[in-house]
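Okay, handing you the structure first.
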Amino acid sequence: MRSSVKQIVILGSGFAALTAIRELRKRGVQDEITVVSPSNELVYLPSLIWLPSGKRQADDLRVPLAAFFHRQRVRWHPGSVRQVLDGGRRIATDHGELTSDYLVIATGGRYLRKLPGIEHAIIPCEGITAAEAVRDRLRAMDGGHIAIGFASNPREPGAVRGGPMFEFLFGIDTLLRRQGRRDRFELVFFNPSKAPGQRLGASAVEKVLNRMRKLGIATHLGHKPVRFEAGKVVTEGGELGADLILFMPGLTGPAWLDGSELPLSEGGFVACDETCRARGLARVFVAGDAGSYPGPDWMAKQAHQADLQAAAVARNIAAELGGKPARHGFRTELTCIIDTLDSGMLVYRSKSLNFTLPRTRALHWAKQRFETRYLNQYR
């Protein structure tokens, strides 16, 4: 039986971090857990798509975590990570240093903002402020051109989050139709791939593109964006007029990795093995968008996958604390409902299955129901 209490430090307070906490306690881990994050609240990013329409307000998506931390016997260290040193045993923050026996990196990634003129675009999934900016711009427009697109990290093509951009696109179309002013707007979807969203599977891509055609949404596909300017998107295949640009760049790792002693992937993430362990380091694990993991090329950067990785991390830490080998891998699975504000299409993909369910109102309601159940764990 262990005689000393171990210090488990979790960086971040998003989906992966909170799942790791729940799973550790569920598995009987009684050691001390400290969470490092600038804010002790969860922002439910999947529902940002509903802010422009007013279906959700900012406070609907914010969940204070003080009560959850208290229930789970977690200490919150308010601060931002600056460096991880000494093989993960020392963590420097802007509010002091901590030491760890086990480190879980779950700070998420960041968007690549290198495209010239990126300031002319809104990156709607950056948070509540960005999604509210989309709402306010739409309200102020009498008509015009709206361009919506996404891209990936050229050094790590899997580091892309395209699904929400389909949802913003279809949600804006539905909103404008409800308001009786869709005919005053031109919507265009742009992407460097001729088949955007390939990680969803060929059937889903075909359904999404067919839906765009049916709704009169123009497409500009197969041309890499070159830059943004006021009023236009410039690509290698021509220019698009754009009074409003919504763009999701590819992802890379958090900025603090640059000064840390951690193994990095080509795309700038923490390089991990199949057990979510940082390569070459003992008792350092990663879950969610901060990591680069072995797996199929369709593996998604999404909250569901982050939860699955966090569960594996908790199992491995619990195993090591119990004197057993930490050999647990994570399940690779893509599950999403592409919402259109009044209906939704389900896409599922695993190593053995890939299917889509047609667009129905029931799936729109199911997405809302899932939001409620998920957030109730932390309220």
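The values are calculated or read from the model by the stated rules, or taken from the named source; none is laboratory data. Computed from a prediction, not measured in an experiment: that's the story for all the values here. Heads up, the Cβs are rebuilt from the backbone with ideal geometry, glycines too, and the neighbour counts pull from every protein chain shown. To get the accessible areas, we keep the full protein, side chains included, count just its heavy atoms, and leave off ligands, DNA and RNA. Shrake-Rupley method; radii C 1.70, N 1.55, O 1.52, S 1.80 Å.
Ordered by packing density, taken as the mean number of other Cβ atoms within 10 Å over each peptide's residues, highest first, how do 367-374, 286-293, 128-135 rank?
Details: 367-374: 14.0, 286-293: 27.4, 128-135: 18.0.
Ranked from most to least packed, the peptides come out as 286-293, 128-135, 367-374.
Mean 1/r over all different Cα pairs, inverted: what Kirkwood radius does the chain give, in Å?
Over the chain, the inverse of the mean reciprocal pair distance is 21.6 Å.
OK, next. May I ask you to derive the relative contact order of the chain, considering only C-alpha pairs under 8 Å and at least 6 residues apart, and to give it as an integer percent?
Computed over the chain, the figure is 20 percent.
When 1/r is averaged over all different Cα pairs and the result inverted, which Kirkwood radius in Å belongs to segment 221-281?
This gives a value of 14.6 Å.
Listed highest first by mean packing, meaning other Cβ atoms within 10 Å per residue, what order do 17-27, 99-109, 35-45 come in? Please report the intermediate quantities before stating the final value.
Working: 17-27: 21.9, 99-109: 24.5, 35-45: 18.9.
Going by the mean number of other Cβ atoms within 10 Å, highest first, we get 99-109, 17-27, 35-45.
Looking only at segment 1-158, where both bridge partners belong to it, what percent of the DSSP beta bridges are antiparallel (to the nearest 5)?
45
Once fully extended, how much extra length lies between LYS324 and HIS70, figured as 0.36 nm per residue of separation less the alpha-carbon to alpha-carbon distance?
So the extension gain works out to 88.5 nm.
Ignoring ligands, DNA and RNA, how do LYS351, LYS301, LYS324 rank by accessible area with a 1.4 Å probe, largest first? Could you put the intermediate results ahead of the total?
Numbers: LYS351 170, LYS301 25, LYS324 135 Å².
Correct descending sequence by accessible area is LYS351, LYS324, LYS301.
Would you report the distance distribution of C-alpha pairs in segment 39-80 as whole percents per 5 angstrom bin, up to the bin with the largest distance?
Taking every Cα pair in segment 39-80, the percentages come to 5, 22, 22, 18, 14, 11, 7, 1.
Something else now. Cβ neighbours within 10 Å, averaged per peptide: list 7-14, 264-271, 326-333 in order, most packed at the top.
So the order, starting with the most tightly packed, is 7-14, 264-271, 326-333.
At 7 Å along Cα-to-Cβ for each site, give me the label-to-label distance between ARG177 and PHE355 in nm.
2.7
Could I ask something else about it? If you stretched the chain out fully between GLU261 and ARG331, how much longer would it get, using 0.36 nm times the residue separation minus the C-alpha to C-alpha distance?
22.4 nm
Expressed as a whole percentage, what fraction of the accessible surface of segment 82-233 belongs to carbon and sulfur atoms when a 1.4 Å probe is rolled over the protein heavy atoms?
48
Give me the distance between the Cα centres of segment 108-153 and segment 315-337, rounded to whole Å.
Between the Cα centre of segment 108-153 and that of segment 315-337, the gap is 35 Å.
What are the principal axis extents of the Cα atoms in segment 69-187, in Å, biggest first?
60, 39, 22
I would also like to ask the following. Just going by the charge dipole of segment 253-379, with Lys and Arg at +1 and Asp and Glu at -1 on Cβ, which of GLY329, PRO296, THR356 is farthest out on the positive end?
THR356
What share of all Cα pairs of segment 6-91, in percent, falls into each consecutive 5 Å distance bin?
The percentages, shortest bin first, are 3, 13, 22, 20, 16, 12, 7, 4, 2, 0.
List the pair-distance distribution P(r) of segment 247-379, using every Cα-Cα distance, as the percent of pairs falling in each 5 Å bin from 0 up to the bin containing the longest distance, rounded to whole percents.
2, 10, 15, 17, 17, 16, 12, 7, 3, 1, 0
What value does segment 50-133 have for Rg/Rh, both radii from Cα atoms and Rh as Kirkwood defines it?
Across segment 50-133, the Cα-based Rg/Rh ratio is 1.07.
Another question, if that's okay. Suppose all protein chains stay in the model; what accessible area per residue would a 1.4 Å probe give for the chain, in Å²?
Numbers: 16290 Å² over 379 residues.
Computed with neighbouring chains in place, this is 43 Å² per residue.
For LYS232, which sequence-distant residues (separation of 5 or more, or a different chain) have an amide H within less than 5 Å of its own amide H, given hydrogens modelled in the peptide plane?
Here the answer is ALA242, since their amide H atoms fall under 5 Å of that of LYS232.
Can I ask one more? May I ask you to compute the full-extension gain from LYS194 to GLU236, defined as 0.36 nm times their residue separation minus their alpha-carbon distance, rounded to one decimal in nm?
Full-extension gain reported as 13.8 nm.
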